[in-house]
Structure formats: structure tokens, C-alpha cells
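Just below is one structure, and these are the notes that go with it.
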Amino acid sequence: MTLGLINANPVVRETKKRIARAEDPHPDDAVDPLDVFDSVRDIRDPEHPYSLEQLSVLSEESITVDEKLGRIQITFTPTVQHCSMATVIGLCLRVKLMHCFPPHFKVDIKVSPGSLANEESVNKQLNDKERVAAALENPNLRQLVDECLYSNELYSY
Amino acid sequence: MELGAELREVERLEGHGDRVWSLAWNPAPENCGRAPAMLASCSGDKTVRIWQPTSSGAWDCSAVLEDAHNRTVRSCAWSPNGKLLATASFDSTIAIWEYIGNDFECVATLEGHENEVKSVSWSASGLLLATCGRDKTVWLWEVQPGNEYECVSVLQGHSQDVKMVQWHPNLDILVSVSYDNSIKVWAEDGDSDDWHCVRTLNEASSGHSSTVWALSFNTTGDRMVTCSDDLTLKIWNTGLEDYDSWRHLCTLSGYHDRTIFSVHWSSEGVIASGAADDAMCLFVENQDHSVDEAPYILLLKKEKAHDMDVNSVRWSPKEPSLLASASDDGVIKLWELSQVS
């Protein structure tokens, strides 16, 4: 565990303006990339009091959904090349999606190409179901994930 | 060649409160009461369930083995005489259960692995137990009288998480498969009684290009099938005494489009696979195939066998056309294979 923050001075940007979707053109159970993005945009970064959207870790464009096959693919961009929090962010995404979308959806989570030094090994770990399950049984890791998912209320402006 | 075969769902076993990871059929259920069959299942709900057919033919959960593990139970295996069940858990221990007076009692707990234990396998003689886990090691335990288990070797060699271990059906040869994409064969050195890795089958030997999740030998042990995150199944010729001659025979690809978690070879030569695409496939040897034809072919594919990932497929040792499957959906299904002419 490093002593200081990995990225002490993250670049923070404005969040994308949220458009109220009062008239939902889709039937109730249809899922599109914006639905997915809405569910994950406010996840708090493990190290900084900002959301993944604010830190440009995620965007709506980084999400694809195949409704027919029941597949969701998310690509995220860690803030620095040697981010040891990448696996935590990946776990947070997976847990949030598990809570928000029907269980038959298959989720693939990857770091955006070129954004991480150990990209292949992180992608492999993030998509190994058994490793994910075991990680979520680790109480310390689970607590960190829960904080990232649920403490955003403390930081909203 | 016309292959008319049908896989019919005959039973649905529900009860587990979380995903079911593994299944194991008791090889000698007559030693555990009156029912003609006994199936063990283990789950993310931290328990093991025992399922048996009742006199009416319908299956029932006859026991829930709990309180021995405080995390996911990942794998289970029956001893050859059917009287003991070993269960491997993410809590880093292995529990040994014995059938005593109509119930199962935890008679031993094996400690030593540094973290999650992923698989357990009994040797054909019942004298050795092998376990493996995320600590990259394979442990060999000797079964001693009085429910004593002594660790006789800790095998190092894999560079990553070891997903499964399986003994050869007749010989004291052990095979392990890993997150490091390789398959390793372990045997005892004749003179020194030391166990070591006698062969590694990796990408260079026509092996897998991603995590290998499972392996299964055929009844005689001269063939082995492995399955992987690389979406293929591979068949190996393992019939030679000289380990260096073990070789790749055939790769089955294009049948699953997500990670293949489980594979099992029936006593009648049917290979079953279960994958994260919710499907199961059955393969058989292509009899009298010519040189340019595939030696193994698809018998049938069962799409949507479950509502979620299929984690385990296991043929019954007593009824060669009875197949059990387990899924992330928490359900276990029994299927009957019939060949339609």
C-alpha cells in the first residue's frame, strides 16, 4: 500500500448536464448505455472525493449495451498509468451493475486501451468471476467498495 | 453422419441461496444409506447440500452441511468408497465429512493454504488428497487412520492461481490447471518419493491462451479434455508412459462464446461442457473419421440450459446418460441423454 495518494492532483471536470428522461421511449425493461451510465456515473473514486464521471474515468461513450444478447461492456480510464486502484474501480462497477440490472446481463469491464501499464493483467482479473467473488468476500475490500458506491451523498454539491 | 440425440431436463433442484459452483456424484451411494444415487453440491451460500431420489422418484435435499466453512464452498469431492466428502472453501480450509448414522459429520479440517482453496480431488486408491488454490500451490495430503491428514508435499510451479486439480483415474498422476494458462502434470519420482512437475502443457504445446478452468480424463485415462477462458476445449493424448509424449490431439472451438467453466467425460465417451454463455455442449468421438476430419464432433448444444452461467457439469457414475448441471442462478438440473435413431 503506497503511503501517499497515487494521484494527488486529479483533473476534475464538470459533470455532463443531466437531461430528465420523463418521456422514456423504451419499454420498462429495455436497457441502453445512458441507463448504465446513470447507474455508475456517481460512484466515488476510491481515493478522491469526486465521482468517476468528474474524474473522466467514465463517460457515456465508454459503455455499450447489446440488449438482445444481454451484454454490457464498460471501458474505464484510470487517472494515472500505474493505478493500483483500477481493480477496485472495476469491482465497484461490477457490484453497482449487479444491483441495478437483471441478473441475466453479462458484464465485461476493461480499462481503455493504452491507459494502464499492466492493462492485460488488470483486465484478466476484472473479468475472472471467481476472483471477483472471492474479492467481494474480503470484508476490507467490500467496505471500500460500499463506501465508493454509497457515500457519494456526502460529496454532492 | 446423422446424429440424433436429445438432452431432456428431468429434475430441478432448488434450495441453495446463492450460486452453485460445483457438483459431485457419490461413486458408491450404497455405502451411505438406501437411495440408489447421491449428489453433493456446494455454493456461495457457504453450505453443501446432499440430494437424493426418493421412493417416488422425485429428488429431495436430504442434508445441508453447514457451519464448517465461513466463506464460499467452491468444490467438493467424494472418496472412492463414497463414505467421505471433502469440501474446499474460499476460507482457505478443506473440510472432511463422514457419513455417520444417517447424517454427515465434519470429522477433520485441513489448514495450510494461504488463501482461497479452489479444488479438491481424491486419488483412485483413496490414500491421497490433492488441493489447490489462489496461493499458486498444489497440496498433497496423505489419508491416515483416525481422520488424520498429513501434508506430504506442497507443489510449487504454477505462476498464478490454480483453478482445479484432478487425479488420473488409475495411476498416481495428478494434473492441475491454472490462471497462468498452463496445465501441469505431477508425479512421484520413483527413487526419492518426491513429487514434482513432470510436464507442462502451455501455449507452446498447442495449449490454451487464457485461464484453464477444468480438466477431465476419460475412463481409461488415455485421453484428457481441458476447457478455458479462451473459449476452447482441448483434447490430449495422455496414454503414454513417457510424459514428454503426451500431446494435443484436437481443439474444439466456436461452440461457446464465453468462458467455459466445466468439462466432464462420461463413461460412455460423451464429453459435456458448461459455460458462461448459459449453454451446455456434448461432444463425441467421430468414429472412423478420415485424416482431414475432426476426431471429435458436437453431438448437441443446449442453449439456455440455465438462466445464468453454467459452472459445473457432471455425469452420474451409475447412470451413464444422466447429467447434472449447476449454475449461478442457484439451480441444479438433472438431464437425461437419449440417442434418437
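Data table
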quantity	calculated
Boolean, residue B:89 is buried (at least 23 other Cβ atoms within 10 Å of the Cβ) and either in contact (Cβ under 8 Å) with a residue 40 or more places away in the chain or within 14 Å of chain A (Cβ to nearest Cβ) (or both)	yes
Residue identified as more than 28 Å from residue B:327 (Cα to Cα), touching a residue at least 60 places away in the same chain (Cβ under 8 Å), in contact with a helix residue (DSSP H, G or I) (Cβ under 6 Å, 6 or more places away or on another chain) and assigned to a loop (DSSP other than H, G, I, E, B) among A:78, A:49	A:49
Among the residues listed as A:138, A:118, the single one being within 14 Å of another protein chain (Cβ to nearest Cβ) and either under 14 Å from the mean Cα position of the chain (by Cα) or farther than 26 Å from residue B:262 by Cα (or both)	A:118
Residue B:269, sole failed condition from (1) of a type outside the set (A, V, I, L, M, F, W, C); (2) under 28 Å from residue B:185 (Cβ atoms); (3) within 14 Å of chain A (Cβ to nearest Cβ)	(3)
Members of segment B:204-237 that are under 28 Å from residue B:309 (Cα atoms), small (Gly, Ala, Ser) and assigned to a loop (DSSP other than H, G, I, E, B)	B:206, B:207, B:209, B:210
Any hit, segment B:328-341, residues being part of a strand (DSSP E or B), modelled with pLDDT of 95 or more and under 16 Å from the mean Cα position of the chain (by Cα)	yes
Subset of segment B:133-158 that is within 14 Å of chain A (Cβ to nearest Cβ), in contact with a strand residue (DSSP E or B) (Cβ under 8 Å, 6 or more places away or on another chain) and assigned to a loop (DSSP other than H, G, I, E, B) - its residue that is nearest to residue A:129 (Cα to Cα)	B:134
Residue in segment A:104-113 that is assigned to a loop (DSSP other than H, G, I, E, B) and within 14 Å of another protein chain (Cβ to nearest Cβ) present	yes
Residue B:51 vs. criteria surrounded by fewer than 24 Cβ atoms within 10 Å (Cβ to Cβ) and among the aromatic types (Phe, Trp, Tyr)	yes
Number of the exception - residue B:46 against (1) at negative phi; (2) buried (at least 18 other Cβ atoms within 10 Å of the Cβ)	(1)
Residue check, residue B:285 away from chain A (no Cβ under 14 Å), of a type in the set (D, E, K, R) and either out of contact with any helix residue (DSSP H, G or I) (no Cβ under 9 Å at 6 or more places or on another chain) or within 22 Å of residue B:22 (Cα to Cα) (or both)	yes
Selection from segment B:293-318 of residues that are under 17 Å from the mean Cα position of the chain (by Cα) and assigned to a loop (DSSP other than H, G, I, E, B)	B:309, B:316, B:317, B:318
Odd one out for residue B:234 among (1) of a type in the set (Lys, Arg); (2) farther than 15 Å from residue B:334 by Cα; (3) exposed (fewer than 15 other Cβ atoms within 10 Å of the Cβ)	(3)
Answer from B:92, B:123 - the residue that is on the phi > 0 side of the Ramachandran plot and at pLDDT 95 or above	B:92
Near pairs, Cβ below 7 angstrom, 6+ apart or cross-chain, from segment B:65-86 (more than 14 Å from every other protein chain (Cβ to nearest Cβ)) to any residue that is in a loop (DSSP other than H, G, I, E, B) and polar (S, T, N, Q)	B:65/B:47; B:66/B:47; B:78/B:26; B:82/B:26
Per-region count, segment B:181-198, residues in contact (Cβ under 8 Å) with a residue 24 or more places away in the chain and either assigned to a loop (DSSP other than H, G, I, E, B) or touching a Gly at 6+ places or on another chain (Cβ under 9 Å) (or both)	8
Within segment B:32-106, strands (runs of 3 or more DSSP E) holding 1 or more residues that are of a type in the set (Val, Ile, Thr)	B:48-53, B:59-65, B:73-78, B:84-89, B:94-100
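Yes/no per residue for (1) within 14 Å of chain A (Cβ to nearest Cβ); (2) under 27 Å from residue B:328 (Cα atoms):
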| position | (1), (2) |
| --- | --- |
| B:206 | no, no |
| B:213 | yes, yes |
| B:224 | no, yes |
| B:234 | no, yes |
| B:262 | yes, yes |
| B:276 | yes, yes |
| B:290 | no, no |
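Okay, residues lined up against (1) under 28 Å from residue A:32 (Cβ atoms); (2) of a type outside the set (A, V, I, L, M); (3) crowded, with 21+ Cβ neighbours inside 10 Å:
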residue	(1), (2), (3)
A:58	yes, no, yes
A:70	yes, yes, no
A:75	yes, yes, no
A:82	no, yes, no
A:100	yes, yes, no
A:123	yes, yes, no
A:148	yes, yes, yes
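Conditions tested, residue by residue: (1) touching a Cys at 6+ places or on another chain (Cβ under 8 Å); (2) at pLDDT 95 or above.
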{"residue": "B:171", "(1), (2)": "no, no"}
{"residue": "B:179", "(1), (2)": "no, yes"}
{"residue": "B:186", "(1), (2)": "yes, yes"}
{"residue": "B:190", "(1), (2)": "no, no"}
{"residue": "B:210", "(1), (2)": "no, yes"}
{"residue": "B:214", "(1), (2)": "yes, yes"}
{"residue": "B:220", "(1), (2)": "no, yes"}
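The values are calculated or read from the model by the stated rules, or taken from the named source; none is laboratory data. The model shown is predicted, which means the values in this text are computed figures rather than measured ones. A quick note on method: Cβ atoms are made from the backbone with ideal geometry, for glycine too, and the neighbour counts reach across all protein chains shown.
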